[in-house]
Structure formats: C-alpha cells, structure tokens
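Right, one structure below, let's go through it.
The values are calculated or read from the model by the stated rules, or taken from the named source; none is laboratory data. Keep in mind that this is a model prediction, so the values were computed, not measured. Quick reminder, even Gly has a Cβ in these numbers, built from the backbone with ideal geometry, and neighbours come from all protein chains shown. These area figures cover heavy atoms from the full protein model, side chains too; ligands, DNA and RNA do not enter into them. Shrake-Rupley method; radii C 1.70, N 1.55, O 1.52, S 1.80 Å.
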Amino acid sequence: MSGEIIGAVPPLEAGPPKMNIGVVGWIRMNLFNTWYNSILTVLSLSLIYYTVTSLLNWGVRLARFTGVKPEDCQGIDGACWPVISDNWAFFMVGTYPYELRWRPLMALLVVVALIMLAVWPRIRRMRLYQLAWLVSPIVIFIIIKGSDTFGLSQVDTRHWGGVMLTVILSVVGIVFAFPIGLMLALGRRSRMPVINILCVGYIEMIRGVPLITVLFMSSIMLPLFFPEGFNLDKVLRAQIGIIMFAAAYQAEVVRGGLQGVDRGQEEAAMALGLSYWQSMVLIVLPQALKIVIPTMVSSAISLLKDTSLVVIIGLFDLLGIANLVLANPIWLGKMFETYVFVAAIYWVMCFSMSRYARRLEIRFSAGDR
Amino acid sequence: MTELTQEQGKVQLISWRNPAVRSVVYQIVSVVLVGFAAYTIFQNTVANLTKRGIASGFSFLNIESGFAISEVMPVPMLEPGFVSFISSIFLGLIAAFVLHKWVTRKGKTVGGDYRLVLLTIFFIFVVPAITYLLTNHIFVTETYSEASSYGLGLVTGVFNTIKMSILGCILATIIGFFVGIARLSSNWLVAKLAETYVEIIRNIPVLLQIFFWYFAVIRTLPMVRESINFFDVFIINNRGIYLPDPTPLPGFHPFLIALFVACVGVYFRLRHVKAVQDLTGRQLPVLFPSIAILIVFPGLVWMGLGAPVELSYPKLTGFNFTGGLNPSPEYAAMLMGLSIYHGSQIAEIVRSGIQAVSTGQKEAARALGLRGGFVMRLVVIPQAMRVIIPPLTSQYLGVTKNSSLGVAIGFPELVSVGGTILNQSGQAIEIIGITMAVYLAASLMISVFMNWYNEKMKLVER
C-alpha cells in the first residue's frame with residue numbers, strides 16, 4: 001500500500017474532529033446517529049426516568065422499612081417492607097418449628113463451607129474433600145429431617161417450605177435426574193429396538209405434556225400404584241414427579257452432547273478392544289458431557305423455575321409461602337412487596353447460574369481453539 | 001456384529017461373548033422387567049380402586065356435571081354427517097394432488113392454465129361445500145352449562161386451552177421479534193433496555209409472573225363504579241377489560257366468504273408474480289394490487305350487504321358492565337404472563353438467529369447493490385429463519401403447555417376443568433390420561449406442522 005503518488009500532499013497532523021471522539025463522540029455515534037435513533041433515545045430515556053423514579057419512590061422514598069406490626073404501614077403510599085422482615089424466616093424455611101430453625105441454618109453452613117473450600121485447588125483435589133461432597137446430601141438430609149439415632153427430633157416434611165424446599169426440590173431433582181437421563185440418552189441411541197422404543201417413548205411422552213400433569217400423576221395416581229398401606233410422603237411424591245420430568249429433558253441434553261462427539265471416537269475405542277461400557281465411560285461420555293455442561297446449567301435453571309409449580313399440588317415452596325403470607329389477613333394487600341421480593345430471590349438464583357453457564361461456555365470454547 | 005463372530009468362527013454362537021446374544025438377552029430382560037412393573041401397578045391399582053369403590057372406564061363422561069365453568073363458548077359436537085364431510089375434503093385434496101402430479105409430469109404448472117386452477121378450486125373447495133350442503137348436519141354446537149355432561153366440560157376446557165395458546169403464541173411472537181430486533185439496535189440505549197427486559201423476565205418463574213399480573217395488578221384495579229373509562233369504548237376494572245364487540249348481522253357470512261376468496265386470489269397472484277420473476281426477472285407490482293384485491297372486493301361486498309357488523313359497546317347496567325367483548329381477568333392475566341415470559345425467550349431466539357447469519361452475507365448483499373430493507377428481507381431474514389424456526393417451535397409448544405398453569409388462578413382450561421371433575425368423580429387415571437393425551441396430540445400436531453415448514457425452508461439450501 002505504499003504507492004508513491006507524485007505531488008501528494010502530506011497528511012495534516014490533525015486527529016479526528018473533537019465531536020467524533022470521547023464521550024461526546026460516543027453519544028453521537030451510539031445514541032443520536034440518525035433522526036429516528038434520536039427519537040428512540042429520547043423515548044427510552046423518558047421511559048427509564050419514569051420507571052426508575054416511580055420504583056424508587058415506591059420502594060425507598062415513600063416506603064416504610066422499620067416496624068413489625070402491620071399498623072406501622074398505615075397511611076403510606078410506598079412499599080411496606082415489614083411484610084418481608086416480619087416473615088423472613090417463613091420465606092426461608094416455611095413452617096419449620098421455631099426452636100429447630102438452627103438446623104436448616106447449619107445445613108446451609110455446611111454447603112457454604114464446602115463451596116468456600118473449593119476456592120483452594122489443593123483442597124479441591126483432596127480425597128477427603130471429594131468424599132465430603134459425596135456424603136453431604138445424606139448429612140444435610142439427616143440434619144433437616146432429623147433422625148432418632150443422632151438425637152435429632154424428626155421434622156415432618158409438611159413443615160418444609162420456603163427457599164429451603166425450592167432448593168431441595170431442584171437440587172435433588174437435578175442430581176437424580178442426571179443418571180436417569182444419561183441412561184435414557186444411551187438407550188435412545190441404542191441399536192436394540194426394544195430398549196430404543198422404551199426410551200424414545202418415555203422421553204417423548206414426558207416432553208409432550210406439561211409438568212403440571214406429571215405432578216398430578218405423581219401426587220394423585222402414584223399412591224394408587226402401590227399396595228394398600230404403602231404411604232408415600234407428599235414432598236417425596238412431588239420430588240418423584242420432578243425427577244421423572246427432569247430426566248426426560250436431561251436425556252435430550254445428553255443426547256445433544258453424544259451427537260456432538262465424532263463417530264470415529266467410538267469406532268476407535270471399539271477397534272482398541274474396549275467394550276461398549278468401557279468405550280462410553282472412558283472415551284465418549286467425557287467428551288460429550290463436557291460439550292453440554294453449559295446446556296445442563298440452563299436446564300437446571302429451568303428446573304429451578306419449574307419447581308414453583310408444586311404450589312398447585314399444595315406444597316409451600318417459596319412461591320407457596322408468598323401466597324400463604326398474602327392469605328394472612330394481617331398482611332392483606334401487600335401483593336407488590338411480597339411478589340417483588342420472591343421474584344428477586346428467584347432472579348438472583350437463576351441469573352447467577354446463567355452467568356456461570358456463560359462463563360463456562362466461554363472457557364470451554366477457549367479450550368477447544 | 002454377526003459377521004464378526006462368523007469370521008472368527010471359534011466364538012461359540014450361543015455365548016455371553018456374542019454381542020447379538022447379549023443384545024437379545026438385554027431386550028428380553030427389559031421387556032420382562034417393564035411388563036412385570038406394569039402388571040404389578042395394574043394389580044395394585046385395580047385393588048385400590050375396588051377398595052375405594054371407583055368404577056374405572058369412561059362412562060362417567062356422560063354424567064351430568066353440576067358445576068359451572070366461568071368461560072364457556074359454543075363447542076362443536078360432531079354428528080354422523082361429519083365423516084362424509086371429512087372424507088370429501090380428503091378426496092378433494094387427493095384429486096387435486098393427483099391433478100398436480102399429472103400436470104407436472106407433462107412439464108406444465110397448475111398456475112399456468114386458468115382451467116386447471118378452476119378445477120383445483122373445484123376439487124378443494126366446491127366438493128366439500130356441496131357435501132356440506134347435502135348432509136347439512138356435520139356438527140351441532142352446544143354450550144356448556146351446569147346440566148351438561150363431564151365430557152362437554154372437558155371439550156370446553158380444550159377449547160379454552162386452544163383460545164389461550166393461539167393468542168398467547170401470536171402475542172409472544174410479536175413481543176419476541178420486537179425485542180429481539182431491539183437488542184441488535186444500533187442505538188445503545190434501546191439495545192440495553194431490551195437486554196434488561198430479557199434478563200429480568202426470563203429468570204423469574206412464569207407462574208410467579210402470572211400470579212403477579214392476576215393478584216397484584218388485575219385484582220387491584222379499580223372497582224366497577226370507579227372504572228378506568230376511555231370514552232365508553234375501552235373500560236378497565238377489576239372484573240376484566242371491556243372492549244367493543246363486533247356482532248355479526250345476517251349478511252356476515254357472505255362477507256367472510258368474500259374475504260376468504262380475496263385471500264386466495266392474493267395467494268395465486270403472489271405465486272404468479274414469483275413465477276414471472278423466476279422466468280424473466282421482471283418484477284411485477286405486488287403491494288398495491290394485493291391491497292386493492294384485499295380491500296376492494298370484500299369492501300364492495302360489505303357495502304352491497306349494508307355493513308353486516310354492528311359494534312356493541314359495554315354499558316353499565318346495575319352493578320356491572322354488560323355487552324361488549326369481555327376477556328375475563330383470569331384470561332387477561334394468563335395472556336399477559338405467558339406472552340411476556342415467552343416473548344423474552346423468543347427475543348433471545350430471534351437475536352441469536354439474526355446473529356447466526358454471517359456478516360459476509362450482509363456485505364455481499366450490499367456489494368451487489370441491494371438497499372438496506374432488501375438486505376434484511378431477501379438475504380438475512382430467510383437465512384435467520386432457518387435457525388429460528390426449530391427453537392421457535394419448542395416455544396410454541398411451551399406456550400401451549402404453560403397454558404395449563406391456568407389451573408392456578410382458576411382459568412377454566414383443560415387441566416383446571418379436569419381437576420374439578422377429578423375431585424368430583426374420583427376418576428383420576430382416566431382424567432389424567434385424557435389430559436396427557438390431548439397435550440401429546442397437540443404437541444405432535446405443532447411439531448409435525450413446524451417440521452413440514454422447516455423442511456420447506458430448508459429446500460432453498462444448496
């Protein structure tokens with residue numbers, strides 16, 4: 001590009017016009033570059049101004065933060081936050097007995113401690129630490145449910161609720177749905193017609209119906225399937241429904257990963273003399289699962305949101321507690337505060353997970369190239 | 001697998017080492033296990049049902065229900081004449097298809113000869129119409145009341161589900177495309193606003209959103225006396241939204257037929273225009289003739305019949321508004337919840353679909369001299385649609401399935417009506433079975449249709 005032009009004037013030592021750089025330039029480029037963009041900018045600004053000011057007025061300026069009695073909120077136009085602070089424990093653990101509330105707290109501490117320890121790679125690689133993760137679900141279950149052998153009084157699952165129940169339903173749902181979904185996905189790719197038909201039938205049937213019908217099935221029909229006198233816990237029934245539902249979706253996620261692995265990998269494994277299970281466990285699945293980890297996180301997010309449906313079959317998860325609080329005549333009419341608070345909790349959980357999924361996606365795609 | 005064992009020869013055929021043998025054994029074992037589980041479940045269920053004194057079977061569908069459904073509509077119940085009507089439609093379609101194949105084989109097109117076009121119209125429309133007139137009873141419409149049967153209640157529920165899903169899908173698509181394109185806007189503020197909307201809405205459970213719209217917004221609207229009133233045309237209060245209702249007068253059906261004929265006319269005109277362009281490269285005017293056909297012909301019929309539609313406005317009579325179109329608060333809340341939630345999901349689909357089209361395509365189109373709108377319409381959108389359609393299908397399925405959440409706020413759709421019947425009659429297995437079957441059928445139909453559409457779009461690819 002260095003063609004000598006005879007008589008060319010040397011370029012002036014001047015930068016771009018001041019109007020095109022810096023903050024002013026950025027605003028001109030991104031907000032007012034055409035006449036309709038200018039109109040849109042003004043419209044958006046007024047929309048943002050209106051929303052933010054009315055939200056701040058309602059939630060902060062005119063709101064009441066202190067006080068525990070509903071009477072404290074009389075005569076104010078803004079939010080009545082005591083409805084949240086007064087029912088805080090209720091939102092967190094439901095109707096869990098008052099004097100035993102230290103137990104869910106301890107369970108939470110166990111999980112937080114385990115997550116915090118994961119920061120140090122040295123500890124992460126320790127066998128003891130990995131064992132602790134494996135044992136933790138049992139420990140947490142014993143802490144929350146109680147067990148006579150450990151001197152902890154039993155707490156009936158009727159009293160489980162709030163954030164605790166939401167988290168339990170979704171975490172247990174994912175953990176149990178994953179192996180089932182894995183098997184279903186392998187079965188769907190199987191060349192044995194019977195197994196293939198069974199798996200495809202199950203997956204397509206569950207994916208074709210709404211979760212609420214699956215929950216109805218597990219809560220109403222399941223007791224009919226067992227012999228007389230065999231009593232299934234209500235929470236457990238809902239959990240079974242959630243696992244059945246999530247397994248079908250997990251199966252499709254895993255199948256996507258399996259399709260992403262080159263066929264040659266499996267053939268090479270077979271050529272080396274590995275059996276089907278060896279080739280799957282050692283060669284294909286590690287590659288397949290790595291591809292779909294971000295997708296799995298998104299399906300975990302969907303499941304977390306979907307657990308709110310247990311409200312309809314009469315459990316008191318986070319959303320159910322919100323309705324319970326609103327049904328209390330003392331807090332009548334505090335709908336905005338309650339729903340906004342509950343929505344915020346769901347949002348924080350789901351949004352942080354989706355950010356995590358995006359980070360994983362970027363990290364994995366960087367590893368590939 | 002079997003060739004391998006025969007080549008090796010030494011491997012015994014009936015041996016655990018033979019994959020074919022293993023596969024057969026696995027399959028037999030799984031059949032036995034599933035069969036045993038099914039048998040046990042069946043036995044237990046029968047024992048439980050007899051103990052509770054519940055008779056199984058579908059005869060309960062004819063029992064009088066005795067409960068009211070808040071939103072009813074005339075529901076078609078099929079008559080014997082329906083069979084001959086449906087078969088005449090099928091025969092007409094088959095005849096038109098055969099004609100089409102026969103003409104194509106001769107190297108011509110149906111659109112090329114007006115006699116063939118008329119013959120096709122005769123097969124597809126006139127034959128069923130004649131059958132319809134001859135049989136005159138293909139269905140009767142019934143409206144559900146407390147004296148109706150459980151069966152009619154379920155059918156009403158299905159129709160409410162359909163009513164919910166169709167409008168929900170349309171609104172969600174509109175919101176989704178609007179927001180999805182806004183996310184790619186060159187205006188930074190608009191893009192950020194759209195992103196905020198998507199990130200907030202899609203991370204909150206849809207049921208919570210429906211509760212919010214229903215309990216916190218619609219239920220707290222002003223009472224009837226203090227309704228928000230726009231010139232007596234739109235009225236909003238806590239019993240719902242009131243809109244003017246177009247009531248058909250006697251001449252309405254001919255007008256509908258005229259509108260339909262105009263649509264068919266525009267369709268054939270578009271095909272003709274495309275054929276001419278493909279053949280000669282000449283672009284015939286499309287927009288104005290189409291509008292002319294769509295407006296002038298039905299408009300003439302409209303005027304000839306003397307405006308066969310009357311708008312009925314809501315009026316305050318006693319303690320409530322009557323007349324006009326009045327979607328219930330439940331319907332409005334469901335519609336808002338579903339369309340806003342799924343709109344945010346569709347927005348993401350649209351955004352990633354448009355971004356999936358490589359910039360080279362746009363640059364090439366511009367290099368060919370196409371102007372902005374044409375670049376989008378002829379180059380970007382057709383390619384983006386191919387990426388968009390499969391996930392869009394699953395969103396439509398999601399809207400249909402999530403319409404079942406109406407049960408939580410008392411919108412009388414299928415699951416809700418089914419739940420009431422279940423509580424009254426105790427026929428759990430039958431009701432849940434029917435509900436699942438209806439949703440499965442709907443899912444199947446939507447995915448078959450969308451797969452067909454997807455195939456059609458794919459054929460353009462080389």
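In terms of solvent-accessible area of protein heavy atoms at a 1.4 angstrom probe, what is the ranking of B:Thr104, B:Thr247, highest value first? Display every interim value, and only then the final one.
Numbers: B:Thr104 70, B:Thr247 50 Å².
Of B:Thr104, B:Thr247, the descending order of accessible area is B:Thr104, B:Thr247.
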List every DSSP H helix in chain A whose Cα atoms extend 24 Å or more along the helix's own long axis and whose mean Kyte-Doolittle hydropathy is at least 0.0.
A:35-56, A:127-145, A:162-189, A:234-260, A:285-306, A:335-368
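Can you give the charge dipole size of the range A:177-267 about its Cα centre, rounded to the nearest 20 debye, using +1 on the beta carbon of Lys and Arg and -1 on the beta carbon of Asp and Glu?
Once rounded to the nearest 20, the dipole reads 100 debye.
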If a helix is a whole DSSP H run, which ones in chain B reach 30 Å or further along their own axis (Cα) and hold a mean Kyte-Doolittle hydropathy of at least 0.0?
B:19-52, B:81-105, B:150-183, B:252-280, B:329-356, B:428-458
Before rounding to the nearest 500, sum -39500 (n - 2.57) across all DSSP H runs of length at least 4 in chain B and divide by the residue total; then give [θ] at 222 nm in deg cm²/dmol.
-21500 deg cm²/dmol
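Please go through the residue pairs B:Lys101/B:Lys456; A:Lys290/B:Lys456; A:Lys334/B:Lys192; A:Lys290/B:Lys362; A:Lys334/B:Lys163; A:Lys305/B:Lys401 and name each one whose alpha carbons sit more than 22 Å apart in this structure.
Working: B:Lys101/B:Lys456 18 Å; A:Lys290/B:Lys456 34 Å; A:Lys334/B:Lys192 31 Å; A:Lys290/B:Lys362 34 Å; A:Lys334/B:Lys163 32 Å; A:Lys305/B:Lys401 15 Å.
Exceeds cut-off: A:Lys290/B:Lys456; A:Lys334/B:Lys192; A:Lys290/B:Lys362; A:Lys334/B:Lys163.
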What residues qualify as long-range amide H neighbours of B:Glu142, i.e. H under 5 Å apart, gap of 5 or more or another chain, H built at 1.01 Å from N?
B:Val75, B:Met77
For chain A, what is the mean residue ellipticity at 222 nm derived from helices alone (per DSSP H run of n ≥ 4: -39500 (n - 2.57); sum divided by total residues; nearest 500 deg cm²/dmol)?
-21000 deg cm²/dmol
What share of Cα pairs, in percent, lie more than 12 angstrom apart in the range A:18-61?
66 percent
Counting Lys and Arg as +1 and Asp and Glu as -1, what is the net charge of the other residues whose Cβ lies under 15 Å from the Cβ of A:Met221?
+2
Label point 7 Å beyond Cα of B:His100 along Cβ direction - residues of the range B:113-137 with amide nitrogen under 19 Å
B:113-129
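A:Ser85 to A:Ser147: FRET efficiency via 1/(1 + (r/R0)^6), r the Cβ-Cβ distance, R0 25 Å, to the nearest 0.05?
Numbers: r = 33 Å, r/R0 = 1.32.
According to the calculation, E is roughly 0.15.
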For the range A:18-61, what does the accessible surface come to per residue with a 1.4 Å probe? Please give it in Å².
79 Å²
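Can you tell me how chain A classifies by the Cα gyration tensor, rounded, prolate or oblate, using a/c under 1.5 as the rounded cut? Each step should come with its number before you reach the end.
On the way: a/c = 2.08, a/b = 1.14, b/c = 1.83.
In terms of gyration-tensor shape, oblate.
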Its Cα gyration tensor gives chain B an equivalent ellipsoid whose semi-axes in whole Å, largest first, are 41, 39, 30
Simple SL model, points at 7 angstrom along Cα→Cβ for A:Arg189 and B:Leu440; separation in nm is 2.7 nm
If each of A:Lys290 and B:Ile381 carries a label point 7 Å out from its Cα toward its Cβ, how far apart are those two points in nm?
4.2 nm
Among B:Tyr26, A:Met335, A:Val175, which residue has its Cα furthest toward the positive end of the charge dipole of the protein assembly as shown, with +1 on Lys/Arg Cβ and -1 on Asp/Glu Cβ?
B:Tyr26
Nearest 0.05, what FRET efficiency do B:Ile63 and A:Ile76 give at R0 = 45 Å with Cβ-Cβ as r?
0.25
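Using R₀ = 41 Å, calculate the FRET efficiency as 1/(1 + (r/R₀)^6) where r is the Cβ-Cβ separation of A:Leu282 and A:Glu228; round to 0.05. Could you put the intermediate results ahead of the total?
Details: r = 47 Å, r/R0 = 1.14.
Plugging the Cβ-Cβ distance into 1/(1 + (r/R0)^6) gives 0.30.
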Positive dipole terminus of the protein assembly as shown, leading residue within A:Leu47, B:Leu256, A:Val93 (C-beta point charges)
A:Leu47
For the protein assembly as shown, just give the cysteines left without a disulfide-compatible partner, judged by no other Cys Cβ under 4.7 Å.
A:Cys199, A:Cys350, B:Cys169, B:Cys263
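Would you please classify the overall shape of the range A:97-154 from the alpha carbon gyration tensor, given that a ≥ b ≥ c denote the square roots of the eigenvalues, rounded means a/c under 1.5, and beyond that prolate means a/b larger than b/c while oblate covers the rest? Numbers along the way, then the final one.
Values: a/c = 4.40, a/b = 2.03, b/c = 2.17.
Verdict is oblate for the range A:97-154.
When the solvent-accessible surface of protein heavy atoms is calculated with a 1.4 angstrom probe, in what order do B:Lys401, B:Lys106 fall, highest first?
Details: B:Lys401 25, B:Lys106 130 Å².
Final ranking, largest accessible area leading: B:Lys106, B:Lys401.
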What is the distance in Å between the Cα centres of the range B:181-230 and the range A:300-369?
17 Å
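Leaving ligands and nucleic acids out of the surface, order A:Phe216, B:Phe178, B:Phe36 by accessible area at 1.4 Å, largest first.
Details: A:Phe216 35, B:Phe178 160, B:Phe36 135 Å².
My answer, sorted largest first, is B:Phe178, B:Phe36, A:Phe216.
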I'd like the Karplus ³J(HN,Hα) series for the range A:80-97: coefficients 6.51, -1.76, 1.60, θ = phi - 60°, whole numbers in Hz, and an x wherever there's a Gly or Pro.
10, 6, x, 4, 7, 5, 5, 9, 3, 4, 4, 4, 7, 10, x, 8, 4, x
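Among residues other than B:Met376 whose Cβ falls under 14 Å from its Cβ, what is the net charge (Lys/Arg +1, Asp/Glu -1)? All intermediate terms of the calculation are to be shown ahead of the outcome.
Working: positive: B:Lys362, B:Arg366, B:Arg371, B:Arg377; negative: B:Glu363.
Cβ neighbours under 14 Å give a net charge of +3.
Ignore the peptide's own chain and count Cβ atoms of other chains within 10 Å of each Cβ in B:408-416; give me the average, rounded. The partial results should precede the final answer.
Numbers: counts 7, 0, 0, 0, 0, 0, 2, 5, 2.
Whole-number average of other-chain Cβ neighbours for B:408-416 is 2.
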Which is the longest stretch in chain A that no exposed loop site breaks, taking sites as GluC sites (Glu not before Pro) with a DSSP loop state and at most 16 other Cβ atoms within 10 Å?
A:14-227
Label-point gap, in nm, between B:Leu270 and B:Val25 - each point 7 angstrom along Cα→Cβ:
6.1 nm
